[in-house]
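Single-structure report; data block below.
The values are calculated or read from the model by the stated rules, or taken from the named source; none is laboratory data. Since we're looking at a predicted model, the values are computed, not measured. Note that we place each Cβ from the backbone using ideal geometry, even for glycine, and neighbour counts take in every protein chain shown. When the accessible area is computed, the model is the full protein with side chains, heavy atoms only, and any ligands, DNA or RNA have been set aside. Shrake-Rupley method; radii C 1.70, N 1.55, O 1.52, S 1.80 Å.
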Amino acid sequence: MARISPSPIIGAVALLTLSACGLSGTTQPTVSGTAQRGSPQFTAYVAADFATALAWSPDGRLFYAERAGTIRTFDGKTSRVFATVSASTSGEQGLLGLAVSPSFQSDHFVYAFYSRADDESRQRVVRWTDQGGSGARLTTIIDNLPAGDDCCHKGGRLAFGPDGKLYVTLGENHLAAEAQRSTSLRGKVLRYNPDGSVPGDNPFGSSNPVWAIGLRNPFGLAFSADGRLFVTDNGPTGDAGTPGSGWDEVDHVVRGGNSQWPTCYGNGIHLQGSQCAGTPPTYQSGNSTLVPTGATFVSAQGPAGYVGDFVFCSYDQSRLKVLSPDGTRLLSDGPRCQLDVKEGPDHALYMSDTSVIYRLGA
């Protein structure tokens with residue numbers, strides 16, 4: 001994700017620092033405004049304290065993860081605490097990822113990714129069983145994921161693929177060379193079974209959770225209706241002589257794929273080695289700094305003017321960025337969005353900033 005300054009969250013608004021690498025500056029929520037495409041209404045839905053990740057359950061509840069360590073639900077009327085974790089909020093750490101099981105109606109599982117407060121060099125994925133609206137039977141399913149020993153590049157996104165597997169993003173922890181090593185978990189998209197075991201058909205070996213390599217700090221993770229996986233990746237900020245801003249990416253991630261970092265960045269700008277490894281991004285922001293975060297594909301029933309598009313939040317510009325369905329062309333800016341965006345069961349888009357979750361729809 002972008003760089004989060006080491007200061008903790010205070011009250012309902014997180015005080016952060018945002019650069020091309022990460023979150024900086026203090027921002028205030030803006031409820032006014034309308035989308036620049038179509039005519040859906042943009043309104044505040046529920047207050048939230050730095051809602052890093054959103055997820056919907058089949059019964060129509062919105063689950064949202066607050067960076068300091070609380071997962072809440074909102075049913076349209078009442079917000080309640082579902083579960084808490086002891087999360088570090090140092091640097092870019094925190095409660096960063098959230099996913100609801102694709103079999104939720106039968107297993108009632110809810111998953112989260114967080115940075116451990118008891119050991120800031122490690123991160124984990126946990127699972128609860130929803131029992132009467134509260135998280136029960138907490139289980140650690142993936143532990144000791146590396147967090148590094150400095151501020152940044154923690155990754156932390158979760159999503160279930162159409163194959164029923166759990167996909168996890170990890171940043172390279174400012175150890176850029178690790179992103180090109182398939183034996184390292186850093187700078188990767190990882191793929192697990194829902195119980196945290198490693199699928200036998202992963203590309204780099206039956207005991208290796210790595211699905212794709214060559215990422216710097218992936219913080220958006222979204223599957224399309226036809227199974228394509230897109231990731232938003234934060235661009236370099238002075239690493240190894242790179243520019244101090246810009247060059248954020250959208251990458252089409254495939255089995256065994258390589259998104260080039262740190263051999264190259266942006267539109268094939270050479271950085272290390274003799275040539276660019278892997279596949280260039282579908283979209284890169286050039287000199288514009290976006291700090292891309294949460295992402296989703298909009299369904300055929302989504303808000304007017306957004307149908308079928310790929311959208312992601314820009315922390316730096318505090319806007320929803322609207323791309324073509326193939327992720328190659330920036331079409332327009334939408335309304336305010338900094339942290340995550342998901343389509344609800346009513347086919348409205350729900351998006352978060354540091355203190356509010358908004359609704360965009362009819």
Worksheet entry | Any strands (runs of 3 or more DSSP E) falling wholly within the stretch 50-112 and containing at least 2 residues that are open to solvent by less than 40 Å² (accessible area, probe 1.4 Å) and within 14 Å of residue 134 (Cβ to Cβ) | 70-74, 79-84
Practice prompt. Identify, from the list 327, 294, 308, the residue that is within 20 Å of the chain's Cα centre (by Cα), modelled with pLDDT of 95 or more and not in a loop (DSSP other than H, G, I, E, B).
Written response: 294
Practice prompt. Looking only at the stretch 171-180, decide whether some residue is part of a loop (DSSP other than H, G, I, E, B), free of Cβ contacts under 8 Å to residues at least 40 places away in the same chain and farther than 29 Å from residue 71 by Cβ.
Written response: yes
Worksheet entry | Of all residues in the stretch 346-362 being within 17 Å of residue 72 (Cα to Cα) and part of a loop (DSSP other than H, G, I, E, B), the one that is farthest from the chain's Cα centre (by Cα) | 355
Worksheet item: Looking at the stretch 137-171, which of the residues that are open to solvent by 10 Å² or more (accessible area, probe 1.4 Å) and at positive phi is modelled with the lowest pLDDT?
Response: 148
Fill in: Within the stretch 259-289, tally of residues that are in contact (Cβ under 8 Å) with a residue 24 or more places away in the chain and part of a loop (DSSP other than H, G, I, E, B)
18
Worksheet item: What about residue 190, is it farther than 25 Å from residue 298 by Cβ, modelled with pLDDT of 95 or more and assigned to a strand (DSSP E or B)?
Response: yes
Practice prompt. For the stretch 118-133, indicate whether the set of residues that are assigned to a loop (DSSP other than H, G, I, E, B) and open to solvent by less than 40 Å² (accessible area, probe 1.4 Å) is non-empty.
Written response: yes
Discussion item. Looking at (1) farther than 20 Å from residue 234 by Cα; (2) open to solvent by 40 Å² or more (accessible area, probe 1.4 Å); (3) of a type outside the set (Gly, Ala, Ser); (4) touching a residue at least 40 places away in the same chain (Cβ under 8 Å), which one does residue 342 not meet, given that it meets all the others?
Written reply: (1)
